[in-house]
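Step one of this worksheet: look at the structure below.
Where a number appears in this text, it was derived from the coordinates with a stated rule and is not lab data. Note that this is a predicted model, so its numbers are computed, not measured. For neighbour counting, all protein chains shown are included, and Cβ atoms are generated from backbone atoms with ideal geometry for every residue, glycine included.
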Amino acid sequence: MISPVAHIASMSPYALAQLNAPEVKRLISLSQNESPRPPSPLAIEAGAQALKAGHLYPDPDWGELRLALSGLHGIPAEGILCGNGSMELIACLVQAFADEQNAVLAPQHAYPFFRTAAQLVQARFDVAPECDGRVSVDALLAAVRPDTRIVFVANPGNPTGTRISRADLVRLREGLSGDTLLVIDEAYGEFADHLGEPMFDLVEHGDTVVLRTFSKAYGLAGMRVGWGLFPAEIAGEIRKVMNPNNISLAGQAAAKAALLDQGYMRATCQKTVRLRDGLRQRLMQAGLDVPESFTNFILIRFASPEKAHRADEALRAEGVFLRPQGGAGLADCLRATIGVAVDIDIAAGILERRAEGEKT
Ligand SMILES: Cc1ncc(COP(=O)(O)O)c(C=O)c1O
C-alpha cells in the first residue's frame, strides 16, 4: 500500500458543486457562480486563433495580458502575476508564506478554498466572527495572533455577497503588523467597481496583495485565468512555487481580448445585476430573507438548516441546483448564482410555491 503523507490522507477533497440531475429533467446549475453569458465574441475568436499555435508553450510572463491589465487598471505591469484561476494564486500564497508553525486567518463565512489552502500546508486556520453575514474588521483584528501570517478577505464576499468598504479595509491593513500579509480577493470586484473604491494602491506598501479573476464578470471560468497585483518581493517568492507554464495560450489570448471588450463585460454585469435584484425582490416578497448582494449570486437564508435542506431537495428534484452553504458555516442558507432569465424564473417559482405552501 502506498500511503500519502498524513495531513493529505486526513483531508477531504475540495467540495465542488454536486450536479446529479434526476433523469429526464434539464439540469439547471445555479451553483458555481458562473456567468449567465458566454464570453465576448472577441475572446472566443482570440482563443480559437491562439489554438493554431497550440504546439508551442505559452508565454510564461503573460506579457500581452499583463500590459493590457496594467493599462486598464493603471497599475504597474511588473507587479502583476497571472494564475491558473485565482485559486492557483491563493494556494501559492499560502504555500510560500505559511506552514505548520503558523496560522492563516479569515472571516467566519469566507470562501472555503482559503481553508483548503491552509490545510495543504498544515497551517492553522483561524476564523473571526462575522456580524450578520458582514465582515467585522474589529473581530478580525481581535483574532490576530502573534503567529498569524496571512489574513484573507474576499470583497465582495462569497458566499455572503456582502461588501467591506475601502475605509474598513484600510483600517484592517493599518491594524495588522507589517509581517502579516493581507490578501484582498476581489473575484467579484467588477460587480462593485461602480462604487469607485479600488484597492490596488495598498499593494505599494509591500504587505498587501489584491486578486481578481476572469471567471466571473468576464465569463471565462472554463479558461482558468486569474490575476493579482503583488509587491515585488512577494511576487518573486510566488514565482518559485507556481507552475511556470500555468495558463494556456488560448486562455491568455481569450482573457486579453475579453479585457479589451469592456463594453461586453459591463453589459454582462448590468444584465446580471438586473436579474439578481429582480430575483431578490421576488424571494423577499415570498417572505424569504435575502441580504443585499454585490456579486453575481444571492444568498437565501431559511428559518433553519432543515428548511434549507428541504428546499434544496425540492429544487434538485426539479433539476435545479443551488449551492448549500454548510461548508461556509451557513447551513441555513442556499446560494443561487444568477443564471439566464428562464432558469432564474424556474428556481424562483419553486421557492415561491414552497414559501406559499409553508404559510398555509
Ligand atoms: C471569492 C473567490 N475567490 C476565488 C475564486 C476562484 O476563482 P477562479 O475561477 O479564478 O479560480 C472564487 C470562485 O468562485 C471565489 O468565489
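Among rounded, prolate and oblate, which fits segment 145-271 when a ≥ b ≥ c are the square roots of the eigenvalues of its C-alpha gyration tensor, a/c under 1.5 means rounded, and a/b larger than b/c means prolate? Since a/c reaches 1.5 but b/c is at least a/b, the shape of segment 145-271 is classed as oblate. I'd like the distance separating the alpha-carbon centroids of segment 192-259 and segment 166-187, in whole Å. Going from one Cα centre to the other spans 18 Å. Give the shape of segment 1-119 as rounded, prolate or oblate, defined through the alpha-carbon gyration tensor: a ≥ b ≥ c are the square roots of its eigenvalues, a/c under 1.5 means rounded, and otherwise the shape is prolate if a/b is larger than b/c and oblate if not. Since a/c reaches 1.5 but b/c is at least a/b, the shape of segment 1-119 is classed as oblate. The residue list 211, 250, 65 was ranked by how far each Cα lies along the charge dipole of segment 41-260 toward its positive end, using unit charges on Cβ atoms, and 250 comes out on top.
When a/c is below 1.5 the answer is rounded, else prolate if a/b is larger than b/c, else oblate, so apply that to segment 79-138 with a ≥ b ≥ c taken from the square roots of the Cα gyration tensor eigenvalues. Numbers along the way, then the final one.
Values: a/c = 2.21, a/b = 1.38, b/c = 1.60.
Note, shape of segment 79-138 comes out oblate.
From the alpha carbon centroid of segment 264-279 to that of segment 1-71 is 22 Å.
Provide the gained length on full extension for the span residue 48 to residue 18, in nm with one decimal, where the gain is 0.36 nm per separating residue minus the Cα-Cα distance. Present the calculation step by step, with values, prior to reporting the outcome.
On the way: separation 30, 0.36 × 30 = 10.80 nm, distance 3.02 nm.
Length gained between residue 48 and residue 18: 7.8 nm.
Taking springs between alpha-carbon atoms closer than 10 angstrom, which of 193, 99, 345 fluctuates most in the Gaussian network model of the chain? Residue with maximal mean-square fluctuation among 193, 99, 345: 193.
What net charge is computed for the residues neighbouring residue 207, neighbours being all others with C-beta under 12 Å from the C-beta of residue 207, Lys and Arg scored +1, Asp and Glu -1? Don't skip to the end; give the middle numbers.
Working: positive: 149, 173; negative: 174, 179, 204, 233.
In short, -2.
A simple spin-label model places pseudo-atoms 7 Å from Cα toward Cβ; at residue 271 and residue 232 they are separated by 4.3 nm. Size of segment 33-90: Rg and Dmax of its alpha carbons, in Å, are 13.4, 34.
The alpha carbons of segment 159-207 give a radius of gyration and a Dmax of 11.4, 32 Å, in that order.
Sorted by packing (mean other beta-carbon atoms within 10 Å per residue), highest first, where do 240-248, 315-323 land?
Details: 240-248: 16.1, 315-323: 20.8.
With the highest mean Cβ count within 10 Å placed first, the list reads 315-323, 240-248.
Between residue 358 and residue 195, what's the calculated FRET efficiency when r is the beta-carbon distance and R0 is 51 Å? Round to 0.05. The computed FRET efficiency comes out at 0.90. Against the empirical 2.2 N^0.38 Å (N residues), segment 41-260 has a Cα radius of gyration ratio of 1.00.
Given their separation in residues at 0.36 nm each and the Cα-Cα distance between them, residue 10 and residue 147 gain 47.0 nm when the chain is fully extended. In percent, rounded to a whole number, the relative contact order of the chain is 24, using alpha-carbon pairs under 8 Å and six or more apart. Here the scattering of segment 274-360 is modelled by Debye summation over its C-alpha atoms, one equal scatterer each and no solvent; at q = 0.20 Å⁻¹ the log10 of I(q)/I(0) is -0.89. In this structure, the pairs whose alpha-carbon distance is over 32 Å, taken from 25/216; 216/359; 271/307; 240/271, are 216/359; 240/271. Stretching residue 342 away from residue 239 to a fully extended chain increases their span by 32.7 nm, per 0.36 nm per residue minus the current alpha-carbon distance. Please give, to one decimal in nm, the separation of the simple spin-label points placed at residue 171 and residue 101, each 7 Å out from Cα toward the Cβ. Between residue 171 and residue 101, the simple spin-label model gives 3.4 nm. Note on the chain: helix-only mean residue ellipticity at 222 nm, from DSSP H runs of 4+ residues weighted -39500 (n - 2.57) and normalised by residue number, equals -12000 deg cm²/dmol.
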